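What follows is calculated from the coordinates using simple rules that are stated; it is not laboratory data. Small disclaimer: the values here were computed from a predicted structure and weren't measured. Ideal geometry is used to build each Cβ from the backbone, glycine not excepted, and the neighbour counts take in all protein chains shown.
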Amino acid sequence: MSITDRVRNLRRETLSAAWYTLYRYTFEYLRADGRWDRQQREAYDRGNGVAVLLFDPVRETVLLTRQFRLPTYINQNPDGMLTEVCAGMLDGEDPEECLRREILEETGYTVPHVEKVGEVYTSPGAVTERLFLYQALYRPEMKTGEGGGKPEESEDIEVLEWPYAAVADALRHGEVRDAKTLILLQHALLFGPLARHSLTL
């Protein structure tokens, strides 16, 4: 039996449509014991997104960003600042095209090639978002812009360049607290460009 056979009478109502959209779903779900269970769930639809780890294998560095994130500020992150990989929302775009644009806007680099490494659901209990994860090589000569984000969208992004050794140290001490960034850095240490340098956590 497929999961589609276990959901029936699915109905949706809009609770909020401000920045993104909050829906309430009512449905019946067929439990493992054979009973139909009527449930209600709220789901926040913010679209799908992309994220990329930028690395320079010659200089052995990664490119990260740092910016203010209000939800972390109101949940015990004292200054609200978060270190992250470059990322953005798709808004119906092709993931790779969107990613190259986001890389240029946030970091100032024009990256010709990106490599997909996976897909994840960021918070499946409440958010519909599916995040496409990539890695991409960057070099100093690819710097073609200022970066820092789009001021008209209230972006104020600091670009960070970390040596490979600092990545392992930051992970070891719990200094990276953004989920997509943790996933991409750990993937790079296990299977990607950082794995070839025998870094240990």
**Report entry** the chain - charge dipole about Cα centre, Lys and Arg +1 at Cβ, Asp and Glu -1, debye rounded to 20
**Finding:** 960
Query raised in the report: Under 17 Å from a point 7 Å along the Cα-to-Cβ line of Lys150: which residues of the stretch 51-93 have their amide N that close?
Result: 51, 86-93
Report summary line: In the stretch 49-197, taking the dipole from +1 charges on Lys and Arg beta carbons and -1 charges on Asp and Glu beta carbons about the Cα centre, the listed residue (Val120, Phe68, Gly80) farthest towards the positive end is Val120
Requested in this report: Could you rank the peptides 10-21, 74-85 by their average count of other C-beta atoms within 10 Å per residue, with the highest value first?
Outcome: 74-85, 10-21
Report summary line: Descending packing, highest mean Cβ count within 10 Å first, for 144-150, 38-44, 102-108, 60-66 is 102-108, 60-66, 144-150, 38-44
Report summary line: Rounded to the nearest 0.05, FRET efficiency between Ala179 and Thr110 (Cβ-Cβ, R0 25 Å) equals 0.35
Query raised in the report: Roughly how many nanometres apart are two label points built 7 Å out from the Cα toward the Cβ at Glu28 and Val7?
Result: 1.6
Query raised in the report: Can you give the calculated 222 nm mean residue ellipticity of the chain, where each DSSP H run of n ≥ 4 adds -39,500 (n - 2.57) and the sum is split over every residue, rounded to the nearest 500 deg cm²/dmol?
Result: -5500 deg cm²/dmol
Report summary line: From the Cα centre of the stretch 143-194 to that of the stretch 104-120, the distance in Å is 12
Query raised in the report: To the nearest 0.05, what FRET efficiency results for Glu141 and Trp19 with a Förster distance of 41 Å applied to their C-beta separation?
Result: 0.60
Query raised in the report: What is the spread of the Cα atoms of the stretch 48-154 along each of their three principal axes, largest first, in whole Å?
Result: 39, 29, 28
Query raised in the report: What is the chain's relative contact order, in percent, from Cα pairs under 8 angstrom and six or more apart in sequence?
Result: 20
Report task. Subtract the Cα-Cα distance of Gln76 and Ser123 from 0.36 nm times their separation in residues, and report this length gain in nm to one decimal. Result -> 15.0 nm
Query raised in the report: Hey, how much of the P(r) for the stretch 3-45 falls beyond 15 Å, as a percent of Cα pairs?
Result: 48
